[in-house]
Amino acid sequence: MTLKQGARAMLREPLVHFLLAGAAIFAIWSNVPPDPGERRIVVSEAMVTRLVDRWMETYHRPPTQDEIDGMIRDDVKDQVYYREAQRLGLDRDDEVVIKRMRNKMESLAMSDAQAATPSDAELQALLDKDPAKYAPNPVYAFDQVYLGDDTPANRAAAKTALARLRAGADPRSIGKPIPLPMHFDGVSSADIADQLGDDFAGALLKLPEGQWTGPVTSGVGLHLVRIDKRVLPRKPTLDEVRQRVENDWRSARSKQAIDKAFNEMVNGYDVVIEKPR
């Protein structure tokens, strides 16, 4: 083996890769002048209090003095590692770090919205905008005939089956077996959605009462449906649904605050997007 071949073989060794990476990090580290401000770590009284509170939430007892000292040492270790990792640029292009920083910025942006208290007029306006959203679920009594999977052939066959049902044919003589009742009575739209899917439950709201219609698509295929009875809930009062409306109000305000803060920040950047060709 020549000297050149030996050098190439040595460069392929993992240990050599590790040593070279360490040398590169050391070179970067040694050339970066320390910032005196970044070299000062202060564990404040407030920080110690937070550490103790966190301990008590976890263990449901006060920590001993040794345990407090241990938490402080661990916090100092965190700070040292964090700052040195920053100096080495280890936080750059780290998706977890980037996502965490974004979450913190969004939390700051929406902190005012989270602490705000809406007026009754604001909540009532939100309730009036979509009262069905806050009302109890509609309740149905209906019959269904299962036609099979949602295929062009079954959709074509649905027309004949629907005509037979409207002419008075026995529903039990039409359709395919399925482990679901043919007749549902007194079931809420939420329960129907659990069994047949949201699309099926939503479609029932628009179907006429007292006649076979369809096909209606569910999570298992196609159905012909006859609504026997539909009980629609009354519009709820604000006091009945105050917490849900307030949650939605606060969520909307928080989103507005986040969008506003982002738009203000992004205006200060020159964003260049280079799509792959």
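The values are calculated or read from the model by the stated rules, or taken from the named source; none is laboratory data. Only a predicted model underlies this, so the values are computations on that prediction, with no experimental measurement involved. Backbone-built Cβ (ideal geometry, glycine too); neighbour counts: all protein chains shown. Please note that ligands, DNA and RNA were not included when accessible areas were found on the heavy atoms of the full protein model with its side chains. Shrake-Rupley method; radii C 1.70, N 1.55, O 1.52, S 1.80 Å.
List of remarks:
- Taking the Cα centre of segment 112-172 as origin and assigning +1 to Lys and Arg Cβ atoms and -1 to Asp and Glu Cβ atoms, the resulting dipole is close to 660 debye.
- Of LYS133/LYS206; LYS99/LYS275; LYS235/LYS255; LYS176/LYS206; LYS129/LYS229; LYS99/LYS255, pairs whose Cα-Cα distance is over 19 Å: LYS99/LYS275; LYS235/LYS255; LYS176/LYS206; LYS129/LYS229
- Under Karplus coefficients 6.51, -1.76 and 1.60, residue-wise ³J(HN,Hα) of segment 171-187 in Hz, glycine/proline x: x, 5, 8, 10, x, 10, x, 7, x, 9, x, 6, 10, 10, 9, x, 9
- Debye-formula intensities of the chain, expressed as log10 I(q)/I(0) at q = 0.12 Å⁻¹, are -0.99 (one equal scatterer per alpha-carbon, no solvent).
- Dividing the helix sum by the residues of the chain, where each DSSP H run of 4 or more adds -39500 (n - 2.57), gives a mean residue ellipticity at 222 nm of -18000 deg cm²/dmol.
- Rounded accessible area per residue of segment 57-102, 1.4 Å, Å²: 84 Å²
- Taking the average, over residues, of other Cβ atoms within 10 Å as the packing measure, peptides 139-147, 44-52, 212-220, 159-167 rank 139-147, 212-220, 159-167, 44-52 from highest down.
- Nearest-20 debye value, the chain charge dipole, Cβ charges on Lys, Arg, Asp, Glu: 1120 debye
- Extending 7 Å from the Cα toward the beta-carbon at both ALA116 and LYS229 defines two label points whose distance is 4.5 nm.
- Rounded, prolate or oblate (a/c below 1.5 giving rounded, otherwise prolate when a/b exceeds b/c) for segment 130-178 by Cα gyration tensor: prolate
- Candidates PRO152, PRO208, PRO118: whichever shows maximal mean-square fluctuation once the chain is modelled as a Gaussian network with Cα springs under 10 Å: PRO152
- For segment 127-238, the Cβ-based charge dipole about the Cα centre amounts to some 380 debye (Lys, Arg positive; Asp, Glu negative; other atoms uncharged).
- Membrane-span-like helices in the chain (whole DSSP H runs, Cα extent of at least 27 Å along the helix axis, mean Kyte-Doolittle hydropathy of at least 0.0): none found.
- More than 23 Å apart - percent of Cα-Cα pairs taken over segment 56-142: 65 percent
- LYS255-ALA125 pseudo-label distance in nm [points 7 Å out on the Cα-to-Cβ vector]: 1.7 nm
- Spin-label model distance (nm) - MET56 vs MET105, 7 Å beyond Cα toward Cβ: 3.6 nm
- Positive dipole terminus of the chain, leading residue within ALA109, ALA169, LEU51 (C-beta point charges): ALA169
- Dipole of the chain, positive end: most advanced residue of ILE227, MET265, ILE68 [Cβ charges, Cα centre]: ILE227
- Accessible surface of segment 134-218 [probe 1.4 Å, protein heavy atoms]: carbon and sulfur percent: 53 percent
- Rg and Dmax of segment 60-111, both derived from C-alpha coordinates alone, stand at 15.5, 40 Å.
- Top of MET182, MET105, MET56 by mean-square fluctuation, Gaussian network on the chain, Cα under 10 Å: MET56
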